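Only one structure is covered here, and it is reproduced in the block below.
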Amino acid sequence: MIDAALVQGIIRILLVCVIITAAYIISTRNLLSLVSMYSLQSVTLVCLALALWALESSPVLLAIAAVSLVSKAIVIPYFIATIQEKIRIRRDIEFHFLSPTTSLLLSMALMLVVYMVLARVLRNSPVRENLFFFGAVIGISLMLMGMMVMLSRKRAITKVLGFLSMENGVLLFGMFVTELPFIIEFLIIIDLIILVLLTTILTVGIDSTLEDYHKRLHRFRLVGGTEEQP
Amino acid sequence: MILLAYILAALAALAVIALSSTHRRMNAACIIHAALVVVLTVYILLFRQVPVASFLIGSQYFFMDSLGLYEVLVASVIFTCAAVYAGGYVESLLSSGELDQGSLKLFYASWTMLLLVLVLAFFCDNLALFWICAELTTILSALLVAILSARENIDAAIKYIFIASASMLFSFVGLIFLFETSRTVLGTGTLNWTALMQHASVFPAGMALAAFALVFIGFAAKSGIFPFHTWLPEAHAKAPSAVSAILSAVLLNVGIYGILRVYAIVHQTPAAATIAPLLALFGFLTVGIAAFSMLPQKNLKKLVAFSSVENMGLILIGVAVSTPLAIFWVLFHIMAHSLTKASLFFSAGILHRQYRSRLSTEADDEIRDVFRLQPLAAWGIIIGGLAITGMPLFPVFFSKLFILRELGHTSLPALFILLALLFVIASALGYFVISAFSRVTAAGTHSDIVPYVTPLTMKIPLVLLIGLIIITGVVFTQGETAFFERIVQELRF
């Protein structure tokens with residue numbers, strides 16, 4: 001068995017890595033690197049699950065690691081990258097409400113708030129161990145940072161990435177605070193995949209149906225004005 | 001085992017839809033499926049011991065109690081009417097080119113799936129499983145909104161998905177809190193509602209409060225509670241009217257159902273004293289925002305959609321009062337609102353086909369000569385409007401009256417604020433109806449509006465629903481009372 005102290009050290013480093021990827025997702029303007037950064041974040045999560053498994057050796061964690069690796073590190077990023085090729089957007093430089101710098105500062109403040117709130121709420125639960133508490137705080141912070149991406153980005157496809165990184169935060173939180181039955185985790189992943197498929201397909205729709213849409217409008221007028229059958 | 005019957009019915013309907021090539025047959029499959037769900041649910045209610053002992057998969061994931069059966073019954077009645085209505089409505093969408101022939105299969109397949117997932121959601125004992133089903137309802141209904149593949153429909157659908165799903169993630173964190181609480185208290189963690197209800201009284205207040213607050217965010221977004229209501233008017237106004245009726249009359253109930261279930265758990269902890277005023281506050285804000293959004297509204301479907309926001313706020317206030325009588329009438333109001341709102345959207349749909357705005361659904365409706373062109377829809381709007389504002393003889397009258405009465409017992413100033421807001425809403429509806437329906441082309445001048453021949457399949461469900469509304473408003477049987485009382489008891493209020 002690997003030394004527990006070493007594993008705990010690795011977990012801490014990985015948690016910091018997660019936050020760095022989240023910060024990068026908030027601030028970058030290049031769409032391709034956004035997707036690969038999400039993929040990296042998911043891989044970090046998989047490593048975290050493996051490290052936790054080394055500590056606790058519960059088989060659920062291993063299953064979570066496997067499912068996350070396949071779905072979040074490979075399938076979803078690949079799918080989004082393909083869609084991006086199709087709609088030919090490389091950069092997302094439009095932000096509203098928040099500029100990247102303000103969002104970064106804001107997320108630092110949020111992390112502090114999350115720390116304080118969780119310290120109060122989890123006072124009486126067995127999650128008082130330092131490491132697990134740290135993981136829970138990072139999980140919630142990751143979720144809020146993902147939400148900030150959703151708020152500040154204009155393009156739907158970057159919003160999808162924000163949503164995905166929110167979901168990563170929930171998974172992280174769940175991993176550190178408690179262990180849910182595996183079937184639930186598995187169903188959530190399936191739900192997520194359907195959601196991503198649908199939103200990305202709809203995003204393509206936004207960009208491609210515009211001409212089609214104008215054609216339809218034209219037909220409307222004909223139908224409304226004279227009694228012409230389409 | 002009876003749950004399998006529901007699943008099999010849905011699968012059969014899906015198979016028929018996949019194999020059939022005509023619109024008529026797909027529509028028939030949907031109607032029969034929904035009717036089967038009604039029959040099954042009535043059968044269980046009358047002849048089975050409720051709660052039905054469920055079949056097991058590892059641990060108890062599903063169960064059928066009175067509340068779940070009640071919600072399924074309301075949902076399936078609305079679905080049956082809406083499926084009949086969709087027959088005529090989709091036909092006219094097809095002929096005007098708003099819906100592609102190719103999307104037809106997708107439309108009916110997601111329609112059937114939506115009913116199946118809804119039924120499963122209402123029968124979930126495990127709250128995490130309920131969460132997943134609720135998420136799936138969001139996705140499937142967003143698909144139904146986006147099916148018209150006009151840009152504004154896709155925009156509305158994406159907004160709906162993002163707001164609802166992102167908030168639902170908060171709910172999931174709340175459920176993790178709940179799971180952790182149960183693990184601390186009981187030793188083994190569980191998310192089964194029945195188990196949580198048994199032990200809820202020993203849950204620590206702080207954890208219960210945090211869990212409920214997070215869960216509330218997600219389900220509030222699903223039921224259009226302020227400040228997460230922004231997706232609602234757009235999605236409801238832009239969806240095809242048959243879908244709008246379902247969104248408003250059934251899907252909003254999923255959110256309220258989730259809030260009710262989780263509130264029933266935390267109601268037994270000391271945290272209830274903090275949560276109830278918060279719920280009431282959100283309820284008031286929701287009713288308020290709906291009232292002042294309705295006042296300047298010129299688009300009929302948006303007006304009706306905002307009225308749904310108002311009713312959800314009212315239900316939330318009723319839940320916050322949380323006396324047994326208030327919960328009793330909240331349950332009644334859920335049904336009354338669903339029936340009335342579906343009928344309103346059916347009428348609005350007919351008017352929408354007649355006067356469809358030529359540029360966008362965003363534009364004002366150009367309603368004129370309504371009694372000459374669409375007398376049934378006009379009367380549908382008038383009767384539905386009277387019913388939803390709570391005139392006597394209609395079911396909403398009783399539920400509003402008693403919720404207000406219970407609120408008055410708790411706080412008199414709150415009652416007066418609510419009354420004032422309800423008055424604003426009633427006048428907004430009245431103003432719209434009077435100004436829109438009194439527009440008449442002067443005799444002799446030529447009107448360029450071509451009358452829309454409303455197919456019988458769109459008229460029948462409308463008449464049927466109005467009949468149902470009047471029946472539920474006038475007749476109140478002993479069995480009905482006993483049934484609602486049993487639900488209140490199951491929820492332990």
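The values are calculated or read from the model by the stated rules, or taken from the named source; none is laboratory data. Please read these numbers as outputs of a predicted model, since none were measured by experiment. Quick reminder, even Gly has a Cβ in these numbers, built from the backbone with ideal geometry, and neighbours come from all protein chains shown.
For A:LYS154, the criteria (1) more than 8 Å from chain B (Cβ to nearest Cβ); (2) closer than 17 Å to A:LEU48 by Cβ; (3) touching an Asp or Glu at 6+ places or on another chain (Cβ under 7 Å) hold in every case but one, which is (2). Filtered by the rule that a residue be in contact (Cβ under 8 Å) with a residue 60 or more places away in the chain and buried (at least 19 other Cβ atoms within 10 Å of the Cβ), region A:68-82 gives A:SER68, A:LYS72, A:ILE76, A:ILE80.
Every residue in region B:176-190 that is among the small types (Gly, Ala, Ser) and either within 10 Å of chain A (Cβ to nearest Cβ) or in a helix (DSSP H, G or I) (or both), please. I'd like the intermediate steps shown before the answer.
From region B:176-190, those among the small types (Gly, Ala, Ser) are B:182, B:187, B:189; that's our starting set.
Selection gives B:SER182, B:GLY189.
Please verify whether region B:274-294 includes one or more residues that are over 21 Å from B:ARG405 (Cβ atoms), hydroxyl-bearing (Ser, Thr, Tyr), touching a helix residue (DSSP H, G or I) at 6+ places or on another chain (Cβ under 7 Å) and surrounded by 24 or more Cβ atoms within 10 Å (Cβ to Cβ). Scanning region B:274-294, I find no residue that is over 21 Å from B:ARG405 (Cβ atoms), hydroxyl-bearing (Ser, Thr, Tyr), touching a helix residue (DSSP H, G or I) at 6+ places or on another chain (Cβ under 7 Å) and surrounded by 24 or more Cβ atoms within 10 Å (Cβ to Cβ), so the answer is no. Kindly indicate whether any position in region B:333-349 is surrounded by 24 or more Cβ atoms within 10 Å (Cβ to Cβ), in contact with an Asp or Glu (Cβ under 8 Å, 6 or more places away or on another chain) and among the small types (Gly, Ala, Ser). Checked region B:333-349: no residue is surrounded by 24 or more Cβ atoms within 10 Å (Cβ to Cβ), in contact with an Asp or Glu (Cβ under 8 Å, 6 or more places away or on another chain) and among the small types (Gly, Ala, Ser).
Table: residues versus (1) crowded, with 22+ Cβ neighbours inside 10 Å; (2) within 7 Å of another protein chain (Cβ to nearest Cβ); (3) at pLDDT 80 or above.
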{"position": "A:GLY162", "(1), (2), (3)": "yes, no, yes"}
{"position": "A:SER165", "(1), (2), (3)": "yes, no, yes"}
{"position": "A:GLY174", "(1), (2), (3)": "yes, yes, yes"}
{"position": "A:GLU179", "(1), (2), (3)": "no, no, no"}
{"position": "A:ILE189", "(1), (2), (3)": "no, no, no"}
{"position": "A:VAL204", "(1), (2), (3)": "no, no, no"}
{"position": "A:GLU211", "(1), (2), (3)": "no, no, no"}
{"position": "A:LYS215", "(1), (2), (3)": "no, no, no"}
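Number of residues in region B:137-175 that are within 30 Å of A:LEU118 (Cα to Cα) and within 9 Å of another protein chain (Cβ to nearest Cβ): the value is 10.
Tell me yes or no: at least one residue of region B:230-238 is at the interface with chain A (Cβ under 10 Å from one of its Cβ atoms), buried (at least 21 other Cβ atoms within 10 Å of the Cβ) and either at pLDDT 90 or above or not in a helix (DSSP H, G or I) (or both). Before the answer, list the steps.
Residues of region B:230-238 that are at the interface with chain A (Cβ under 10 Å from one of its Cβ atoms), as a first pass: none.
No: zero hits.
All conditions but one from (1) more than 14 Å from chain A (Cβ to nearest Cβ); (2) at pLDDT below 85 apply to B:ALA414; the one that does not is (2).
For region B:104-141, a residue qualifies if it is small (Gly, Ala, Ser) and either surrounded by fewer than 24 Cβ atoms within 10 Å (Cβ to Cβ) or modelled with pLDDT under 90 (or both), and the qualifying residues are B:ALA109, B:SER110, B:ALA128. Restricting to region B:102-136, name every residue that is within 25 Å of B:ILE460 (Cα to Cα) and within 14 Å of chain A (Cβ to nearest Cβ). Passing the criteria: B:ALA109, B:SER110, B:MET113, B:LEU114.
Pairing residues of region B:404-419 that are within 17 Å of B:HIS333 (Cβ to Cβ) with residues that are of a type outside the set (Gly, Ala, Ser) and not in a helix (DSSP H, G or I), at Cβ distances under 7 Å and at least 6 apart in sequence or on separate chains, gives B:GLU406/B:THR323.
Quick one: is A:THR226 modelled with pLDDT under 70, β-branched (Val, Ile, Thr) and either closer than 30 Å to A:SER141 by Cα or in contact with a Ser or Thr (Cβ under 8 Å, 6 or more places away or on another chain) (or both)? No: the conditions fail for A:THR226.
Among the residues that make up region B:442-465, is at least one of them small (Gly, Ala, Ser) and modelled with pLDDT of 85 or more? Please lay out each step first, then the result.
Let us first name the residues in region B:442-465 that are small (Gly, Ala, Ser), namely B:442-444, B:447.
Restricting the remaining residues to those that are modelled with pLDDT of 85 or more gives none.
No; the residues of region B:442-465 include none that is small (Gly, Ala, Ser) and modelled with pLDDT of 85 or more.
Across region B:44-66, not a single residue is classified as within 29 Å of B:PRO455 (Cα to Cα), within 14 Å of chain A (Cβ to nearest Cβ), of a type in the set (A, V, I, L, M, F, W, C) and buried (at least 16 other Cβ atoms within 10 Å of the Cβ).
Selection of first residues in region A:48-67 that are at positive phi and of second residues that are modelled with pLDDT under 85 and crowded, with 16+ Cβ neighbours inside 10 Å, restricted to Cβ pairs under 7 Å at least 6 apart or on distinct chains, gives an empty result.
Could you list all residues from region B:56-100 that are of a type in the set (Gly, Ala, Ser) and in a loop (DSSP other than H, G, I, E, B)? Steps first, answer last, please.
The initial filter retains those residues of region B:56-100 that are of a type in the set (Gly, Ala, Ser), namely B:58-59, B:66, B:68, B:75-76, B:82-83, B:86-88, B:92, B:95-97.
Of everything in region B:56-100, those that are of a type in the set (Gly, Ala, Ser) and in a loop (DSSP other than H, G, I, E, B) turn out to be B:GLY58, B:SER96, B:GLY97.
Among the conditions (1) touching a residue at least 12 places away in the same chain (Cβ under 8 Å); (2) assigned to a loop (DSSP other than H, G, I, E, B), B:ARG24 misses just one, which is (2). Out of B:GLY408, B:GLY390, one residue alone is among the small types (Gly, Ala, Ser), surrounded by 14 or more Cβ atoms within 10 Å (Cβ to Cβ) and more than 25 Å from the chain's Cα centre (by Cα). It is B:GLY408.
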